[in-house]
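To start, the structure itself, in structure tokens.
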């Protein structure tokens, strides 16, 4: 077609603007689902995207309030997406494409041991006995559900929007969730010293043609 990639003054693709990764595509694939949806399935999913999913503890569509502590969000707050994700021209049935079964592999023995140790420490206290027992995401200090990454993933609920600001030597991605900002330095340069450990890490990128890596 006649469409051309918008570019910045230095010739790179202009990625700036507001974006969303909200999608009807689940993170992992159901065991009874092929890896690729048919286009008929896509049409059905996207036709019914406004319907309330049957989930335990949720209220019916249109109800003003759940009326239960911890369930103060009604349907107006949710943004589960309205489209199926298309990957390489195919409507995939999961965001996970490797392994080929679309499932997240089991944790390694080391990860299982670390998780067990974490659980054991938390069992010594009530859930919110003191601030140190409150998770960072619960205190809205960092995004939860990997919204801010890496990798940047939809959380299946809300705040799946991003604002991208771009200069010749930086790309900033601000996540709507908790307003986390990932500042990506372009090119090469000195890394942060080991004792400086930002929650969002020390992000670096480079251009390979029109692709930001």
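Observations on the structure shown:
- In segment 111-156, the qualifying residues are those that are surrounded by 14 or more Cβ atoms within 10 Å (Cβ to Cβ) and free of Cβ contacts under 8 Å to residues at least 24 places away in the same chain, and the one that is farthest from residue 184 (Cα to Cα) is 133.
- Test: residue in segment 171-187 that is in a strand (DSSP E or B) and more than 24 Å from residue 5 (Cβ to Cβ): yes
- Some residue of segment 37-51 being assigned to a loop (DSSP other than H, G, I, E, B), at negative phi and modelled with pLDDT of 90 or more: yes
- Residues satisfying the stated conditions in segment 108-152, i.e. touching a helix residue (DSSP H, G or I) at 6+ places or on another chain (Cβ under 6 Å) and farther than 30 Å from residue 23 by Cβ: 125
The values are calculated or read from the model by the stated rules, or taken from the named source; none is laboratory data. Bear in mind that the values here come from a model prediction, so they are computed numbers and not experimental data. In this analysis, Cβ positions are derived from the backbone assuming ideal geometry, glycine residues included, and neighbour counts consider all displayed protein chains.
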